[in-house]
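Below: the structure, in C-alpha cells.
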Amino acid sequence: MKNGQSSKKFPNLETDRLLLRNITNEDVDFIYRLFSDERVCEFLYDEEIYISRKDAIEFVEWNQDPEEKGHNRWVLVKKGANKEQIGTCGYDNWDRMNNIAEIGYDLWHEFWGQGYMKEALISAIESGFNHMKLNRINAFVALDNVNSMKLLEKLGFVNEGVYRDKHLFRGKYYDHYSFSLLKRDWNQQ
C-alpha cells in the first residue's frame, strides 16, 4: 500500500471504478445533498433527513479521524476527470474484543443498479477483514429495502432473521433484518 497505509485500520481504498477515501470537510456539501434526498434516505430509520448544512457538518465531524475514533465513513468517488462523489460506506459499532463491526452504506439514486455499491463493499469488506482484523461484519436492513437485501446476499451475507424494534423513528419502532458475514465464509467476489 502507498504512503504507509498498510498499518491503518481505515486506509483509503481503490477499486476498478472508484476511490474510497475517508471523509473530509470538503465533503460537507455532498453529504448534505445525499442525506437531504428522500429517495436516498427512504430506508434510513436511524436519523432524520437533513434539513440544514449543519447536519452534514456534524456527520463529517463525527466521521473524521477514524484511526483515533474507531469508526469511519469512506466517500465513494468515481474515477475520471470530474471525480464525482456518489455515495458513502463505512464501519461503526466496532467491538474490538470480539472482532465485530457494523457496515453501513448509501448511494446517490442516479447510480443505483450499476454495481458501484457492490464494488465498494467488496473493497470495504476486504479492508475490514485484513486491516481491522474483523471476524464478523454485521449489516442491518429495513424490511422493505429489497435491493439492499439482494446486494448483501450477493456478497455472501446471511440473513439471520429480524432484529425487532431496531430503530425508533418519528415515534414508531422499525424492525430490520440482521445480516452477517463471517471471515471464514468470505469468498472474494
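The values are calculated or read from the model by the stated rules, or taken from the named source; none is laboratory data. What you see is a predicted model; the values in this text were computed from it and never measured. Using ideal geometry, Cβ is built from the backbone for each residue, glycine included, and neighbour counts are taken over all protein chains shown. Please note that ligands, DNA and RNA were not included when accessible areas were found on the heavy atoms of the full protein model with its side chains. Shrake-Rupley method; radii C 1.70, N 1.55, O 1.52, S 1.80 Å.
Couple of notes before you dig in:
- Among the candidates ALA101, ALA120, residue that is part of a strand (DSSP E or B), within 18 Å of SER148 (Cβ to Cβ) and of a type in the set (Gly, Ala, Ser): ALA101
- Test: residue in segment 1-12 that is out of contact with any strand residue (DSSP E or B) (no Cβ under 8 Å at 6 or more places or on another chain), polar (S, T, N, Q) and not in a helix (DSSP H, G or I): no
- Taken as a whole, the structure leaves LEU107 outside the set of residues that are more than 13 Å from the chain's Cα centre (by Cα), under 26 Å from TYR45 (Cβ atoms) and either surrounded by 13 or more Cβ atoms within 10 Å (Cβ to Cβ) or among the hydroxyl-bearing types (Ser, Thr, Tyr) (or both).
- The set of residues in segment 146-189 that are open to solvent by 100 Å² or more (accessible area, probe 1.4 Å) and out of contact with any strand residue (DSSP E or B) (no Cβ under 9 Å at 6 or more places or on another chain) comprises ASN147, LYS150, LYS154, ARG170, LYS172, ARG184, ASN187, GLN188.
- Segment 25-60: number of residues that are in contact with a strand residue (DSSP E or B) (Cβ under 8 Å, 6 or more places away or on another chain), surrounded by fewer than 16 Cβ atoms within 10 Å (Cβ to Cβ) and modelled with pLDDT of 95 or more: 0
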